[in-house]
Amino acid sequence: MKVSIICTNYNKEAWIEEAIQSFLNQKCNFDYEIILVDDASSDHSPQIIEHYAKQFPEKIKAVFHQENLGITKTWIEACKLAQGDYIARCDGDDYWIDEYKLQKQVDILDKSETSSWSCSDFDIISESGELRHKEAIQNGIIRKMSSFEEMLAFKGMTMSSTWLVDKDLMLEVNSSIPIDAVDDTFCLQLELFIKTELTFLPEATTVYRLHDGSDSHPVSVGKLATRFEKLQQLQEDYLEKYYSSINFKELSKYLFSESTDHEKIIALRQRELATQLTNAKSILEELLEERANLKTAEENLKTAEENLKNTIAEKEYWVDEYNKVVHSKRWIITTKIINLFRRNR
């Protein structure tokens, strides 16, 4: 067996089928197996996995946890089931878009004397499947990682769903990471960089689904802050763990670079906020002026209404006076005399 594809799943019924189908679509000149591990999902993921396992029993091995173990424990246990020379990872909400992904990466690692780990570029989509970024690494959306020091400084991403790793190395690395890690891939990447070179395939072979509520993108500000704090603790732990192996000149360069980048971002954001504040003040002044004009218009309208009422009242008064005169006996007699004179003429 050349490759063991390992896909862990927890409540990803909307996407797991797309992932499985992308594994089955792989075209290669070697045998591979698919290990699907459901970590006690409460949705219909287990039924979907079971359906595919029954349909492809010679290809798919399905494991169903009775209780949730979490991503790190689930990953470590799943790797122990692998029969292949290499392990390929893909999370249940991601999927592969290159039918020759495995073939390309196996060819690369089989020929390499220094690398036992490969990753590739990838596309990023929204939760609903809308394309956000093509080839995220080559287009500068995600920084390309090349060393332990760079990974430690930037808390980077090699996109685990693109990985192909030598199985023995993967098992060794798995035994080195904390079982309760907030992000198992961060620890795995650091350990892998210590032990081997990373070979990068500059093609998007995989789609990474970005959605709120995931472990890496919590919605709660509190959870996000906790995640950052735990990642910092991991940075400090790995700084101490591999202190004698670290190139501190390189690490300092990356840390200075990160600090500068953050300062640029903060300065740019401050400028944007200042512009927005100025615009907001201008809008507020315009609104206040409009409010004053509206108040003046309301007062003028009120005055006009009063004048109109007075004019109508005055008109009604004179009409009433006119009617009194016209219908009085004196007016009637005078009118008859005038009319008599007119007829005699």
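The values are calculated or read from the model by the stated rules, or taken from the named source; none is laboratory data. Treat the numbers as computed from the prediction; the structure is a model and nothing was measured. Cβ atoms come from the backbone with ideal geometry, glycine included; neighbour counts cover every protein chain shown.
For region 217-227, check the following and say yes or no: at least one residue is under 26 Å from Val165 (Cα atoms), in the same structural domain as Ile108 (by TED's automatic domain parsing) and in a loop (DSSP other than H, G, I, E, B). Checking region 217-227: not a single residue is under 26 Å from Val165 (Cα atoms), in the same structural domain as Ile108 (by TED's automatic domain parsing) and in a loop (DSSP other than H, G, I, E, B). Of all the residues in region 109-163, those that are of a type in the set (Phe, Trp, Tyr) and touching a Pro at 6+ places or on another chain (Cβ under 8 Å) number 0.
Taking the conditions (1) under 28 Å from Leu169 (Cβ atoms); (2) modelled with pLDDT of 95 or more in turn, Gln47 satisfies each one other than (1).
It is to be established whether one or more residues within region 272-282 are within 30 Å of Gln232 (Cα to Cα) and in a helix (DSSP H, G or I). Yes, the conditions are met somewhere in region 272-282. Counting only helices (runs of 4 or more DSSP H) wholly contained in region 10-90, the ones carrying 1 or more residues that are surrounded by fewer than 14 Cβ atoms within 10 Å (Cβ to Cβ) occupy 16-24, 45-55. Residues in region 184-203 that are surrounded by fewer than 20 Cβ atoms within 10 Å (Cβ to Cβ) and either at pLDDT below 95 or part of a helix (DSSP H, G or I) (or both): Ile194, Lys195.
Within the set of pairs 6+ apart or on separate chains, which have a first residue in region 178-189 that is among the acidic types (Asp, Glu), a second that is in a loop (DSSP other than H, G, I, E, B) and modelled with pLDDT of 90 or more, and C-beta atoms under 7 Å apart? Short answer, once both residue conditions are applied: Asp184/Ile177. In the set (1) over 16 Å from Val165 (Cβ atoms); (2) in a strand (DSSP E or B), the condition left unmet by Ile6 is number (1).
Residues that are closer than 20 Å to Arg89 by Cα and not hydroxyl-bearing (Ser, Thr, Tyr) within region 128-158 comprise Glu135, Ala136, Ile137, Ile142, Lys144, Met145, Met151, Lys155, Gly156, Met157, listed in sequence order.
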